[in-house]
Each structure stands twice: as structure tokens, then as C-alpha cells.
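One structure is given here, and the rest of the page talks about it.
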Amino acid sequence: MDSCSQAKPYGDEKREERGQIFIYPYGDVGKKLYDILKNQCGIENITAVDNRACSEHEGIRSLSDLSGTEWEGGKGFVIVASDSRKYYTELRNELRKYVPDEYIADFCGDGRFASLVMTSREIRRNKVPGSIAEAGVYQGDFAKWINLLFPDRKLYLFDSFEGFQTEQVADQRDNAAQTDEWIQMLKDTSVALVMDKMAYRSLVTVKKVFVPDTFKGIEDTFAFVNLDMDLYQPTYDALVFFWPRLSRGGYIFVHDFGIYDGIEEAVKQFCMEFHTGYVCLSDRASVALAKPLG
């Protein structure tokens, strides 16, 4: 039951803020995450949500307050901060009464998201310079978190928004049994759909061309890059492009390693040629490459 149902409504001035992060619940995990984001990552727009603690602390909101939040357009996101298997499903189902699924992330259940949070902290703590990028955006569900966690960085989004370029699909590398149906996937997206999820739209530059042509004219250095393109050739090309432009202390995430054969081959070939290595992330579907601090 919501013990703070009579609490002060979530004010209109807050509704106009973009990039608001809500942490629910505000237990041991929630408090640690709050400290990481606010004090170690320097992110200011953070609000704790907890139906018990809100009756004792004025700054903590209740779940019912979230029903007045305009979620569309990246104005707010909720992070479920619980590692309790016993209560997690109950917490998530209760949260869904007030918040659409696309505006909810799991800190303990989503290894890639948790890795992104910790990586953003390290980049800030080590003062790593450079822009941020994602190649392979699809509908922007991971890009929205990148944008949110790097509120002071230019974000490049590289995607054709037209699915795969069939000329880049190689049967012997990109899962030999792929079907025409798979090749035609990922077309149900658009620049407008993705941009509507961005909290800090003024920081976002969209490059709507197939890799590697989309990289033409880019002179930035980068602190963080996420690659999620499903195919060998664009993944390899992107690694070759970004690695020389990655600042010391910077990171590259590569998604679908171990899922699609071509991704694993692209990463391993790149690492052998450039004499570097990779580590597996806890989502069991991604790896990370990092440049040492110098």
C-alpha cells in the first residue's frame, strides 16, 4: 500500500525537467546507486522513490507521485534498485502501474545497463575527454540511457534507420542460416522515434547513413562508444574507426558477442590486429574494450 498517498504532488516545475532519474526502492541498493549517480557521476536530477521512506523524508517521493509524470519525451526514467529475487517481481509489477516499461531499467538485473552506469562513473572520475557515440541505434532504448548518464557530452547516433545493408551480410560470418526475414528486420524505427526518447536532445547528432560512410567528416575524439550492429563487417569497420579516436581511459562496448558469429569474429580479428584485448560483461552478451590510462 502507498503510505504516502497524501504527500505533496509531484510539482509542475519538476515535470518540465528532462532527464529526471527516479530510483526505486530506496533501500541499501538504492542508496548506493544514488551515491554513485549523484556524488560520483555528478548527475543532479535524481529523486528517490519509496513508499515507506517517503513518510519520514520530505525529499523522497511515493509511487503515486509518479503517476503525474509525463514520461513521453525522455522527461523521466526509473531505475529498479533491488537485488532481492524474492521481492523483485512484486516491485516491478507495482511500478508498472505508474510507469511504462520503456521508461524502466534494472540496475541489478540488466548487466549491460549496470556496466554502463559504472563506466560513466569511471569516465567522469578519470576526467576522460571526448564525445559519446552509439552505432546501431535501432529504436534508441539503450541510447536513451547513454544520453542520460552523460548529460554534458555530445552524443553521436549512427544508424541507417533502414535495417541491414544486404551487401554487408556474409553467410559464412553472419550466421550462415540467416533468412531473408532476418535481413529485413530492424526497419520499424525512425529518427523521430529515437529523438523522442532523448533527455538532452541538444547534445544529440544523428548520422543517418550505413557504416562506414556514416563516419565521414567526424573529427571528434571519444570517451565511450557502444556498438550494436549485429553484422561482422560494420562492427569491424566501426572498431577500426573508433579505436584510434578513443581517448585514454575510454571504453567501447560491443553487443551480441557470443550471440552472432560475425560479432565474435570481428572483435577477435580486431584485437589481434591492434594488439589489445576484451573482457566479457555480466549481461552475457557483450564485451568491452578499454584503453589504458596514460
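The values are calculated or read from the model by the stated rules, or taken from the named source; none is laboratory data. The shown structure was predicted, so the numbers you read here are calculated from the model rather than taken from an experiment. Cβ atoms come from the backbone with ideal geometry, glycine included; neighbour counts cover every protein chain shown. All accessible areas refer to the heavy atoms of the entire protein, side chains included, with ligands and DNA or RNA removed. Shrake-Rupley method; radii C 1.70, N 1.55, O 1.52, S 1.80 Å.
Numbers for the structure displayed
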{"item": "Members of region 72-91 found to be within 26 Å of ASP196 (Cβ to Cβ) and surrounded by fewer than 17 Cβ atoms within 10 Å (Cβ to Cβ), listed by number", "result": "GLU72, GLY73"}
{"item": "Residue check for ILE132: surrounded by 14 or more Cβ atoms within 10 Å (Cβ to Cβ) and farther than 19 Å from PHE253 by Cβ", "result": "no"}
{"item": "Members of region 116-143 found to be within 25 Å of LEU186 (Cβ to Cβ) and out of contact with any strand residue (DSSP E or B) (no Cβ under 7 Å at 6 or more places or on another chain), listed by number", "result": "LEU116, TYR138, GLN139, GLY140, ASP141"}
{"item": "Output for region 50-64, where each listed residue is crowded, with 21+ Cβ neighbours inside 10 Å and part of a loop (DSSP other than H, G, I, E, B)", "result": "ASP50, ASN51, ILE60, SER62"}
{"item": "Residue in region 253-263 that is open to solvent by less than 20 Å² (accessible area, probe 1.4 Å), part of a strand (DSSP E or B) and in contact with a helix residue (DSSP H, G or I) (Cβ under 9 Å, 6 or more places away or on another chain) present", "result": "yes"}
